[in-house]
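> Questions regarding the structure given below will be posed in turn.
The values are calculated or read from the model by the stated rules, or taken from the named source; none is laboratory data. What you are looking at is a predicted structure, and each value in this text was computed from that prediction instead of being measured. Using ideal geometry, Cβ is built from the backbone for each residue, glycine included, and neighbour counts are taken over all protein chains shown. Surface accessibility is based on the protein's heavy atoms, side chains included, excluding ligands, DNA and RNA. Shrake-Rupley method; radii C 1.70, N 1.55, O 1.52, S 1.80 Å.
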Amino acid sequence: MSPAGPSTHPVDPVNLSPIPPLLDSYSFHSSLNDSLDKTEAWIMGIDEAGRGPVLGPMVYAAAYCPLSFKSPLEDIGFDDSKALSADTRQALWDAFDTHTPLCYSSATLSPQSISANMLRRVPINLNRQAEEATVGLIQDALDRGINIKECYVDALGPAPQWQARLSAMFPTISFTVCPKADSLFKIVGAASIVAKVTRDRYIEHWVDPECAGAGAGASAGVSAAINGNGDDTMDVEEGQGKGQDEVIRGSGYPSDPRTQAFLKESLDPVFGYKGIVRFSWATVKVLLDKQGVECKWTDDAAQPSAAGWFSADADNARPKMWRDLGVSGVGEL
């Protein structure tokens, strides 16, 4: 499932307290101040957080501002979010409220959506999902009337090929796609902050909608926040209940010992894992094979195979279902 369409609700779901359960992928766009000239040339930077972890969402983020704000942007302090402390990242997150010309969008892909897409009959791999999120962020900005003229993207796979594809899709925008773009371009560093803070808040304050007590508040969750029919805060009983034991999940990366311990301890042998876990990851598959209850599906030999309805026979090579329905071939599509 690709992220949902644009939302202009003034409150980012990760700014709510407690953060609502993440049930589905969604997109969020910060508000545009009326004083901003959307017809002026704008610059955009795109980065992500959470491609590799087995826990939590993958977040793609775009930061954008008028080209005239490029010089002040250099002095705010944006950089690769992974190289900054949590306190510094929080201060830079607040800079989006302080500096009116600086705006952002985020595409948050839920763990369940990521895995469901990867395990479809025709799989949508992680790279493809990342590409769709990137293209969606750019298109959403253009749909809002923002005149994006320059776009800097942290490399996704081979940089030249990805840059060429983006340039072909959006010929009015000048693209620069390269590794370490979050360290080279401040606007990408700003996007890196949005992606990292958004993901970290979900990981640190995750609410399991499967838990008793989540109730209707969990179902409303992010949807209420981004559709504008929720308050700036949620009742504690609707989200993460009071007195809930602290859960140590670690960073979410498969190599993290704390994450490994969480995966081993939280596995239900019948039902598997709750929604925070990306069940398509090899790490999870191995644990399920080792600790999960084996499920055997017994075929009923007396039941005719459905494949027989589609097999050709002596009647002009037409399947039986075609004959029963009076269907005939009309050529090739």
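> How much length is gained on full extension from ASP75 to LYS285, taking 0.36 nm per residue of separation minus their Cα-Cα distance?
Contour length minus Cα-Cα distance gives 71.0 nm.
> Mind checking the full-extension length gain between LEU36 and ARG323? Use 0.36 nm per residue of separation minus the Cα-Cα distance, one decimal, nm.
Extra length from LEU36 to ARG323 when fully extended: 96.9 nm.
> OK, next. Structure shown: which of LYS186/LYS264; LYS149/LYS196; LYS180/LYS274; LYS196/LYS290; LYS38/LYS186 lie over 30 Å apart, alpha-carbon to alpha-carbon?
LYS186/LYS264; LYS180/LYS274; LYS196/LYS290
> Work out the length of the dipole vector of the range 13-205 about its Cα centre, built from +1 on the beta-carbon of each Lys and Arg and -1 on the beta-carbon of each Asp and Glu, and round it to the nearest 20 debye.
The calculation lands at about 660 debye.
> For ILE43, what is the net charge nearby, where nearby means another residue's Cβ is under 15 Å from its Cβ and Lys, Arg count +1, Asp, Glu -1?
It works out to a net charge of -3.
> By the gyration tensor of its Cα atoms, with a ≥ b ≥ c the square roots of the eigenvalues, what is the shape of the range 116-185: rounded for a/c under 1.5, prolate for a/b over b/c, or oblate?
oblate
> Another question about this same structure. What FRET efficiency comes out for the pair SER174/ASP94, r = Cβ-Cβ distance, R0 = 41 Å, nearest 0.05?
It comes to 0.85.
> Taking the Cα-to-Cβ direction at VAL293 and at SER167 and moving 7 Å from each Cα, how far apart do the two end points lie in nm?
Placing both labels 7 Å along Cα→Cβ, they lie 5.8 nm apart.
> Return the sequence-ordered ³J(HN,Hα) values of the range 93-109 in whole Hz as given by the Karplus equation 6.51 cos²θ - 1.76 cosθ + 1.60 applied to θ = phi - 60°, using x for Gly and Pro.
4, 5, 5, 5, 7, 6, 9, 4, x, 8, 10, 8, 9, 9, 10, 9, 9
> Taking 0.36 nm per residue of sequence separation and subtracting the Cα-Cα distance, how much length would be gained by fully extending the chain between LYS264 and SER68, in nm to one decimal?
65.4 nm
> Follow-up question, since we're still on this one. So, for the range 13-205, what is the accessible surface per residue at a probe of 1.4 Å, expressed in square angstrom?
39 Å²
> Related question: Provide the solvent-accessible area of LYS186, counting protein heavy atoms only and rolling a 1.4 Å probe, rounded to the nearest 10 Å².
Roll a 1.4 Å probe over it and LYS186 shows about 60 Å².
> How many percent of the accessible area of the range 13-205 is carbon or sulfur, using a 1.4 Å probe?
49 percent
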